[in-house]
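For reference, the structure discussed in these notes is given below.
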Amino acid sequence: MSIQEEIRILKERLDAVLVAHFYQRDEIVEIADITGDSLELAKRAMGSPRSLVVFCGVGFMGQSVKILAPQKRVVMPRLACCSMARMIDSAYFDESIQKLEEYGLLKEAILPLAYINSSAEVKAKVGAMGGLVCTSANAVKIMQKAQESGKKIFFLPDRCLGQNLAKQGGQKSAVLGSSSKEEVLGADIICYDGFCSVHQLFTPQDIEFYRQKFPDILIAVHPECDPSVVERADFVGSTSQIITFVKNLPLEQKVAVGTEYNLVNRLREKNTYVLSSTKPECPTMNETTLEDILECLKAFERGEPLNEITLEEEVRLEAHLALSRMMELS
Ligand code: CIZ
Ligand code: SF4
């Protein structure tokens, strides 16, 4: 029996749904019941009648399912952690707010806005301060709504997404820790100094290279890329938005895409290029294998669940506040 078949049988027996993020390896995406971006996956896993969620992705994504659907058991074949999410924990969050207070901002005048790529503990801190979450797909809209509060926005952890949002809205941004106190106080959006190591790989030189090689090529990038890359692109969007954009192009239209390799490689058979001379693979997303999924299901059946996601109820409830504020607005 093939490993795919073994997984399928065990999945049925355990009443499990297999979900996989777009950045997972092809063989994982091929056997998944649900594929999507982190929020789509969390929502669809929550709505699934299955009691067990086997989540192929990185830690914060499994946590998002547990925050929204605490009655479900959630296991991850690999407990891989997004390097960006790991750049901020609750202690760093507190230190950042303290720093802003030292600069003279009142805590009540700060609204934290967390990118979904953050841990449940950080989302809980954000929720407790009245803040909310956004994804790359709804960031523009959520940022506008957040700013209607009249408060200073503290955007975390991705400085690039924060800077790109500010630029797009004709606003000023500053990065806590590297900008001066005056720049921070004068900014509309104050960013935490985190970034995605994969999306940092794309450079303006890569865009230059493709534009010279193919003058009519289109450049599509993810907003986790540096602002110097985003400002030179023809299209900027989340993973789902990039997929829709590229799939709707005429087949003869060349496009170079700046996001994770596995996703780009699956987009189209022809005329699609990876916007980098190095292979932009997300190392943690790439860790999960079919063998891991099989082992995870077997361990669950033995009553020894592997990498089960558990959250303290207080953390879950406060993180839920931040997530549900986003869902009400989007
Ligand atoms: O939210 C996600 O799944 C991520 C990490 C990126 C995106 O643009 O969809
Ligand atoms: Fe995190 Fe970047 Fe990997 Fe996405 S591509 S999971 S942001 S490290």
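The values are calculated or read from the model by the stated rules, or taken from the named source; none is laboratory data. These numbers were taken from a predicted model, which means no experiment stands behind them. Counting neighbours? That spans all protein chains shown, and the Cβs are built from the backbone with ideal geometry, glycine included.
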Could you pull out the residue among Lys254, Lys270 that is under 21 Å from Pro204 (Cβ atoms) and either surrounded by 17 or more Cβ atoms within 10 Å (Cβ to Cβ) or away from ligand 1 (no atom under 16 Å from the Cβ) (or both)?
Lys254
List every residue pair whose Cβ atoms lie under 8 Å apart, where the two residues are 6 or more positions apart in sequence or sit on different chains, the first residue falls within region 185-199 and is of a type in the set (S, T, N, Q), and the second residue, located anywhere, is within 15 Å of ligand 2 (Cβ to nearest atom).
Ser197/Ser83; Ser197/Met84
Of residues in region 116-139 being more than 10 Å from ligand 1 (Cβ to nearest atom), farther than 17 Å from Leu68 by Cβ and of a type in the set (A, V, I, L, M), the one surrounded by the most Cβ atoms within 10 Å (Cβ to Cβ)
Met129
Limited to region 131-162, what total is found for residues that are under 20 Å from Thr259 (Cα atoms) and among the acidic types (Asp, Glu)?
1
Do we have any residue at all in region 293-303 that's closer than 22 Å to Cys82 by Cα and touching a helix residue (DSSP H, G or I) at 6+ places or on another chain (Cβ under 9 Å)?
yes
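Results for (1) outside the structural domain of Val53 (by TED's automatic domain parsing); (2) of a type outside the set (A, V, I, L, M); (3) modelled with pLDDT under 95, shown as yes or no for each residue.
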residue: Ile242; (1), (2), (3): yes, no, no
residue: Asn248; (1), (2), (3): yes, yes, no
residue: Leu297; (1), (2), (3): no, no, no
residue: Arg302; (1), (2), (3): no, yes, no
Looking for something within 14 Å of ligand 1 (Cβ to nearest atom), crowded, with 24+ Cβ neighbours inside 10 Å and under 25 Å from Gln4 (Cβ atoms) - is there at least one such residue anywhere in region 65-84?
yes
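Quick grid of which residues meet (1) away from ligand 2 (no atom under 16 Å from the Cβ); (2) farther than 22 Å from Tyr92 by Cβ; (3) of a type outside the set (Phe, Trp, Tyr); (4) out of contact with any Leu (no Cβ under 8 Å at 6 or more places or on another chain):
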site: Ile153; (1), (2), (3), (4): yes, no, yes, no
site: Lys172; (1), (2), (3), (4): yes, yes, yes, yes
site: Glu208; (1), (2), (3), (4): yes, yes, yes, yes
site: Ile219; (1), (2), (3), (4): yes, yes, yes, no
site: Thr239; (1), (2), (3), (4): no, yes, yes, no
Among (1) within 13 Å of ligand 2 (Cβ to nearest atom); (2) under 20 Å from Asp292 (Cβ atoms); (3) at pLDDT 95 or above - the single one Leu52 does not satisfy:
(1)
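Each row is one residue, and each column tells you yes or no for (1) β-branched (Val, Ile, Thr); (2) within 18 Å of Ser118 (Cβ to Cβ).
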site: Asp15; (1), (2): no, no
site: Phe22; (1), (2): no, no
site: Asp33; (1), (2): no, no
site: Ser38; (1), (2): no, yes
site: Ala42; (1), (2): no, yes
site: Ser51; (1), (2): no, no
site: Val58; (1), (2): yes, yes
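Condition check: under 17 Å from the mean Cα position of the chain (by Cα), part of a helix (DSSP H, G or I) and within 19 Å of Ile207 (Cα to Cα). Does Val264 satisfy that? Walk me through it before giving the result.
Values: under 17 Å from the mean Cα position of the chain (by Cα): yes; part of a helix (DSSP H, G or I): yes; within 19 Å of Ile207 (Cα to Cα): yes.
Here the answer is yes, as Val264 does meet what is asked.
What strands (runs of 3 or more DSSP E) completely inside region 154-246 contain at least 2 residues that are within 16 Å of ligand 1 (Cβ to nearest atom) and surrounded by 19 or more Cβ atoms within 10 Å (Cβ to Cβ)? I'd like the intermediate steps shown before the answer.
Details: elements: 173-175, 189-191, 218-221.
Qualifying strands (runs of 3 or more DSSP E): 218-221.
Is there a residue being closer than 30 Å to Lys298 by Cα, at pLDDT 95 or above, of a type in the set (Ser, Thr, Tyr) and in the same structural domain as Lys298 (by TED's automatic domain parsing) anywhere in region 56-69?
Filtering region 56-69 for residues closer than 30 Å to Lys298 by Cα gives 56-69.
Then keep just the ones that are at pLDDT 95 or above; that gives 56-69.
Those still in the list that are of a type in the set (Ser, Thr, Tyr) too: 64.
If we keep only those that are in the same structural domain as Lys298 (by TED's automatic domain parsing) too, we end up with 64.
Yes, some residue in region 56-69 is closer than 30 Å to Lys298 by Cα, at pLDDT 95 or above, of a type in the set (Ser, Thr, Tyr) and in the same structural domain as Lys298 (by TED's automatic domain parsing).
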